[in-house]
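The values are calculated or read from the model by the stated rules, or taken from the named source; none is laboratory data. Keep in mind it's a predicted model, so treat the numbers as computed, not measured. With ideal geometry, Cβ positions are generated from the backbone for all residues, glycine too; neighbour counts draw on all protein chains shown. Ligands, DNA and RNA are excluded from the accessible area calculation, which covers all protein heavy atoms including side chains. Shrake-Rupley method; radii C 1.70, N 1.55, O 1.52, S 1.80 Å.
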Amino acid sequence: MSEPAIRIKNLTKDFRIGVRGVKLRAVDNVSLEIGDNQIFGLLGPNGCGKSTTMKILLGLLEPTKGECSIYGINSHSVKSRLNVGFLPEAPYFYKFLSGRELVRFYARVCGVPKSEISDRTEDVLTLVSMQNAAHRRVGTYSKGMLQRIGIAQAVVHDPKLIVLDEPTAGVDPIGSHAIAELIIALKERGKTVMLCSHLLAQVEGLCDRVAIMSRGKLVLEGGVDELLEKEDQRSLIIRDFNPQAQAEIEAVLAKYGSKLDKVEAPRISLDRLFLENTDGAAIGSGQDVNDKEDA
Amino acid sequence: MPLDRESWLYRTGRRLALTAAVLMGVGLACAPLQNRVWGEVKSFQPEMNLRDLEDALGQGVIIGLLGGFRTLVADFVYLRASYYWEKSDRPNTEALLALTTSIDPRPLYFWLNAARIISYDIPVWRVRERGDFEDVPQAYKDHIYQEQVDRAMGLLDRAQSFHPDNMQIPLEKARIYYDKVKDYENAAKYYHQVTQMPDAPYYAARIYANALDNLGRSREAYEFLRELYPTLPPSEEVPQASREVVLERIREFENDLDMPLIERFPPQSIELAAPDPVNLTPFSTTGEGTSASED
Amino acid sequence: MNGSSFARLLLIARNTFLEAVRQKFFNVLVVLSIAMIASANFFRQFDFGSSELKFIADFGMGAVLLFGSILSVVVTAQLFFSEIENRTALTMLAKPVHRWEFITGKFLGVFLVLMAFVSLMLFLLAAVLYWRESNLMTYPRYADDFANGRIVNYTGILQLVFSELFKFGLLAAVTLFIASFSNTNLYTVIISFFVMIICQLQYIARDSWSDLDNPILRGIVWMLSLLFPNLQMFNVGEQLVFPTEQVTLSMGGYIGLLGYGAIYIAVLLGLSAYTFRRREI
């Protein structure tokens with residue numbers, strides 16, 4: 001496909017506050033392109049404008065200037081949302097529906113043909129491992145279950161792009177881990193995933209590319225590896241460490257003009273510690289997290 | 001200050017103007033339809049004298065009255081009047097009955113019952129206020145009766161302005177005059193009025209003749225019944241018409257008036273068929289305060 | 001892939017109705033139904049004769065008017081703002097759903113709720129009236145009142161179901177319009193009730209503007225009479241349930257009434273959709 005999944009061009013959004021309409025600039029001239037079949041993280045602190053950008057992209061807000069498009073269709077148009085699944089931040093779904101009813105309902109809203117609704121619903125419920133809780137009212141779900149059923153409704157119509165707003169906020173490590181695995185599974189199915197998060201550490205190992213926003217401006221954008229690597233530094237992890245060997249290694253390094261900065265014991269993250277002690281089987285490839293830089 | 005097209009004031013103003021324009025346009029376009037339907041509906045809803053009602057009810061209830069709860073408020077006031085009636089509380093009963101009919105003059109039931117209470121029940125209460133019923137001088141009783149009957153007539157006059165074509169009102173007047181104050185002059189006048197109206201009950205004509213008789217105008221009563229008789233349907237079809245009773249009465253008048261045989265009403269088929277007529281019920285001349293007192 | 005607007009509309013309507021049902025809205029109905037049957041028994045203690053039927057009907061229709069008005073406003077506002085406040089509207093509108101479909105779907109859902117309410121209440125009223133009327137007809141002393149058969153016009157009650165439904169629908173559309181631009185549930189409810197009272201009293205402005213001498217006042221009152229629909233026009237219960245020769249709503253008048261309601265509902269929905277179109281969710 002020649003069109004990128006998402007194209008945002010010179011996007012600016014001002015909010016009007018008060019009777020006289022004092023301007024508050026939430027998004028300031030942001031341009032961004034997200035290619036097909038990537039996991040893209042839009043990161044930044046609360047109130048940096050990432051949710052606003054996402055809402056404009058989904059046609060929930062009107063831009064003040066600039067434009068967004070999804071697979072080449074302008075966000076103004078309802079058609080642009082045919083190929084999008086969206087998980088809002090802290091989703092509250094119709095509490096009076098059961099999980100299965102909810103997914104079926106959104107499948108029908110999205111125009112999934114009647115003959116396919118049942119199959120698709122069961123398919124995505126399996127994908128998010130919610131088959132066993134699907135008969136329960138959504139009102140009884142835990143936060144992690146809500147996020148998972150939220151992802152199920154977002155993908156039930158098999159969209160090419162999935163937009164997730166703070167998918168792991170407020171979810172325990174096991175839940176976050178499961179969601180991370182799900183996101184990777186979606187990528188493997190050929191989907192493009194865009195996620196917004198202020199929990200930078202959690203998405204670090206997940207995203208192919210990230211953009212960082214601050215005060216409405218895009219401050220950084222690129223591949224995760226290229227952004228995070230300190231080009232001229234490498235860490236060695238040594239088993240059966242011997243302090244005497246350290247002096248010899250330093251000597252060898254000095255010979256090549258390198259220098260040993262720091263020696264420390266590598267640590268696993270608390271998340272990982274938690275996972276290992278609670279549900280070891282759940283540890284997978286996706287969440288091997290934030291000890292990379294410091295090791 | 002230049003007009004800021006994005007200000008809250010401007011946007012709200014524009015929205016209001018647009019809404020007002022659309023609604024007024026619709027209002028104008030629907031005017032013929034509204035005139036047609038409202039013209040019909042309004043004809044069923046007599047105007048209220050708000051100034052009188054406001055003193056009695058207060059503004060809150062007035063809004064309810066105007067806003068479609070008119071019948072309900074009238075019912076409530078009437079039930080309240082019934083409550084005071086049970087307690088023989090004259091001022092409250094009379095005031096609330098008047099209020100009921102002012103609020104909703106449409107139900108005949110209110111008018112007729114109010115008139116009955118005012119003319120039959122309240123006089124008894126008033127006499128009792130003076131002392132033991134038997135001990136109160138007849139002259140005083142008559143005075144009270146006349147006063148209350150006059151009040152009831154005032155009420156029924158107002159009723160007639162709302163229901164000019166309804167025979168129940170003159171019928172009630174006639175009955176009250178006849179029963180309560182033995183005013184046969186007025187009773188005859190109103191019974192005659194009733195006989196001229198559609199749907200008049202058959203007994204009205206018979207009592208009219210009685211009233212004339214009581215006034216000493218037996219000849220007139222006789223002539224009236226002679227003319228009436230051929231218009232009555234046979235008893236097998238309409239028992240209430242009491243054809244036999246009328247014929248019996250005609251014969252009585254002929255005897256009382258000592259009429260020569262040649263002038264008398266020719267023998268009727270029922271007399272020939274049944275030479276020995278059973279003793280038919282005498283005229284009922286009572287009005288017991290319910291509309292179903294006759295037949 | 002993308003279904004028709006109509007299908008989506010019905011889906012949203014059905015979902016809205018389901019929400020009302022599962023939020024125990026119908027419990028209110030049960031309470032009201034019991035109250036109605038109880039009231040019918042209450043009037044038996046008075047010797048009203050055939051007028052007992054009038055009292056039962058008045059109280060029944062009064063209850064429908066009172067609670068129907070409250071429901072039209074409160075349920076509409078509640079079902080609308082539960083979408084906004086629970087952010088389910090966000091999920092919904094991020095789907096290929098037009099804003100007007102959302103608004104119209106919400107309205108249809110509320111309309112279904114109102115339909116259930118009105119039909120149930122009036123059906124019950126008809127049943128109670130029928131039972132009492134049959135009973136009263138057996139008393140010889142009331143025979144005169146029933147000389148021409150039954151007094152209550154049961155087809156009229158059926159007609160009343162639709163005229164009441166359109167009245168409440170109009171009220172719901174007014175509420176939805178106000179909700180489409182207001183920020184809170186409470187504000188919507190208060191303003192809607194206020195507008196409802198104005199609409200109920202619109203006829204006063206309508207009937208009196210031409211009698212006013214002051215040209216400015218006259219203009220203002222005239223404009224007011226055009227701005228608001230005439231809700232008083234829908235108070236035709238008496239004519240329909242107890243028609244007499246002089247007091248009968250003609251078929252033309254009845255259909256005109258429904259048409260009037262339908263036009264206003266459509267226009268108000270259009271305005272709601274227009275305002276909601278630019279709302280920031």
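Assuming charge only on the beta carbon of Lys and Arg (+1) and of Asp and Glu (-1), the dipole of segment A:38-109 about its Cα centre is about 220 debye to the nearest 20.
Our note on the geometry: Cα centres of segment C:174-195 and segment B:110-127, 50 Å apart. Using just its DSSP H runs of length 4 or more, each adding -39500 (n - 2.57), chain B gives a mean residue ellipticity at 222 nm of -20500 deg cm²/dmol after division by all residues. With contacts taken as Cα pairs under 8 Å at a separation of at least 6 residues, chain B carries a relative contact order of 10 percent.
Going from the isolated chain to the complete set of protein chains, segment C:133-182 loses at least 50 Å² of heavy-atom accessible area (1.4 Å probe) at C:ASP144.
Summing both sides, the accessible surface hidden between B and C at a 1.4 Å probe radius is close to 4300 Å². Near A:SER214, the amide H atoms lying under 5 Å from its own belong to A:VAL219; only residues 5 or more places off or on other chains count, and H is placed 1.01 Å from N. The long axis of helix C:99-137 is offset from the longest Cα principal axis of chain C by roughly 10 degrees. For C:HIS98, the accessible area of its heavy atoms, probed at 1.4 Å with every protein chain present, is near 70 square angstrom.
Structure note, pairs A:LYS50/A:LYS160; A:LYS23/A:LYS55; A:LYS217/C:LYS95; A:LYS50/A:LYS259; A:LYS143/A:LYS262; A:LYS65/A:LYS143: Cα-Cα distances above 30 angstrom occur for A:LYS50/A:LYS259; A:LYS143/A:LYS262; A:LYS65/A:LYS143. Between chain C and chain A, the total buried accessible area stands at approximately 3000 Å², from heavy atoms with a 1.4 Å probe.
Can you check what the net charge comes to around A:ILE34, using other residues whose Cβ is under 14 Å from the Cβ of A:ILE34 (Lys, Arg +1; Asp, Glu -1)?
Value of the local net charge: +2.
Among B:ARG116, A:ARG16, the sequence by solvent-accessible area, most first, with a 1.4 Å probe is A:ARG16, B:ARG116. Of the listed residues B:TYR229, C:TYR187, the order by accessible area with a 1.4 Å probe, largest first, is C:TYR187, B:TYR229.
Taking all Cα pairs closer than 8 Å and separated by 6 or more residues, the relative contact order of chain C comes to 25 percent. A 1.4 Å probe over all protein chains sorts C:VAL28, C:VAL161 by accessible area into C:VAL28, C:VAL161, starting with the largest. Each of the GluC sites (Glu not before Pro) that DSSP puts in a loop and that has at most 10 other Cβ atoms within 10 Å breaks chain B; the longest unbroken stretch is B:135-235. Here the ratio of the Cα radius of gyration of the protein assembly as shown to 2.2 N^0.38 Å is 1.44. Once all protein chains are placed together, A:GLU264 keeps about 90 Å² accessible to a 1.4 angstrom probe. If only the Cβ of Lys and Arg carry +1 and only the Cβ of Asp and Glu carry -1, the dipole of segment C:3-277 around its Cα centre is close to 1060 debye.
Annotation: Cα Rg of chain A relative to the compact-globule expectation 2.2 N^0.38 Å equals 1.16.
To make sure I understand the rule: partners must be lysines, Cα under 27 Å from the Cα of B:LYS182, and not fewer than 8 residues away in the same chain. Which ones qualify? Within reach: B:LYS141, B:LYS173. Here the 3J(HN,Hα) profile of segment B:174-185, calculated from phi with Karplus coefficients 6.51, -1.76 and 1.60 at θ = phi - 60°, is 4, 4, 5, 4, 5, 7, 8, 10, 6, 8, 5, 4 Hz, Gly and Pro shown as x. Could you work out how far the C-alpha centroid of segment B:80-98 sits from that of segment C:217-256, in angstrom? Computed from Cα coordinates, the inter-centre distance equals 34 Å. Suppose R0 equals 60 Å. What FRET efficiency, 1/(1 + (r/R0)^6) with r the Cβ-Cβ distance, do B:GLN59 and A:ALA90 give to the nearest 0.05? Working from the Cβ atoms, E equals 0.80. Across chain A, the mean sequence separation of Cα contacts (distance under 8 Å, 6 or more residues apart), normalised by length, yields a relative contact order of 22 percent.
Considering only B:ASN166, A:VAL163, C:HIS98, the residue lying farthest towards the positive end of the dipole of the protein assembly as shown is A:VAL163, judged by Cα position with unit charges set on Cβ. Counting only protein heavy atoms and a 1.4 Å probe, tell me what percentage of segment B:210-259's accessible area is made up of carbon and sulfur. Percent of accessible area from carbon and sulfur atoms in segment B:210-259: 44.
Estimated at the nearest 10 Å², the accessible area of C:SER192 is 0 Å² with a 1.4 Å probe. Ordering C:ALA13, C:GLN246, C:GLN45 by the projection of their Cα atoms onto the charge dipole of chain C, which places +1 on the Cβ of Lys and Arg and -1 on the Cβ of Asp and Glu, puts C:ALA13 at the extreme positive end. Across chain A, the longest run free of exposed loop sites, meaning chymotrypsin sites (Phe, Trp or Tyr not before Pro) lying outside DSSP classes H, G, I, E and B with no more than 14 other Cβ atoms within 10 Å, spans A:1-240. Shape of segment A:1-139 from its Cα gyration tensor (a ≥ b ≥ c, root eigenvalues): rounded if a/c is under 1.5, otherwise prolate when a/b > b/c, or oblate? Cα axes put segment A:1-139 in the prolate bin. Counting only DSSP H runs of at least 4 residues, each contributing -39500 (n - 2.57), and dividing by the residue count of chain A, the helix-based mean residue ellipticity at 222 nm comes to -9500 deg cm²/dmol.
Accessible surface computed residue by residue for segment B:32-131, with neighbouring protein chains in place and a 1.4 Å probe, gives 43 Å² per residue. Here the Karplus relation 6.51 cos²θ - 1.76 cosθ + 1.60, evaluated at θ = phi - 60°, turns the backbone of segment B:211-223 into coupling constants of 4, 4, 4, 4, 7, x, 9, 4, 4, 4, 4, 4, 4 Hz, with x for every Gly and Pro. Residue-wise HN-Hα couplings along segment C:222-232, as the Karplus relation 6.51 cos²θ - 1.76 cosθ + 1.60 with θ = phi - 60° gives them from phi, are 5, 4, 4, 5, 8, 5, 10, x, 8, 7, 4 Hz; Gly and Pro carry x. The angle between the Cα long axis of helix C:154-181 and the main principal axis of chain C comes to about 30°, on a 0 to 90 degree scale.
Annotation: amide H of A:SER98 within the under-5 Å range of A:VAL138, sequence separation 5 or more or interchain, hydrogens built in the peptide plane. Counting, for every residue in A:75-87, the Cβ atoms of other protein chains within 10 Å of its Cβ and taking the mean gives 3.
Using the alpha-carbon atoms, what tilt in degrees (0 to 90, nearest 10) does helix B:243-256 show relative to the longest principal axis of chain B? Roughly 50 degrees between the two axes.
For segment C:89-213, the carbon plus sulfur part of the accessible surface works out to 70%, probe radius 1.4 Å. Between the residues B:LEU23, B:PHE76, B:LEU50, the greatest Cα displacement towards the positive end of the dipole of chain B, with unit charges on the Cβ of Lys, Arg, Asp and Glu, is found for B:LEU23. For C:LEU249, nonlocal amide neighbours, meaning residues 5 or more places apart or on other chains whose placed amide H falls under 5 Å from its own, do not occur. In a reduced charge model with +1 at each Lys and Arg Cβ and -1 at each Asp and Glu Cβ, the protein assembly as shown shows a dipole moment near 3600 debye about its Cα centre.
Can you give me the C-alpha center-to-center distance between segment A:230-256 and segment A:141-193, rounded to a whole angstrom? Answer, in whole Å: 41.
What segment C:164-281 shows is 41 Å² of accessible area per residue, with the surface traced by a 1.4 Å probe over protein heavy atoms.
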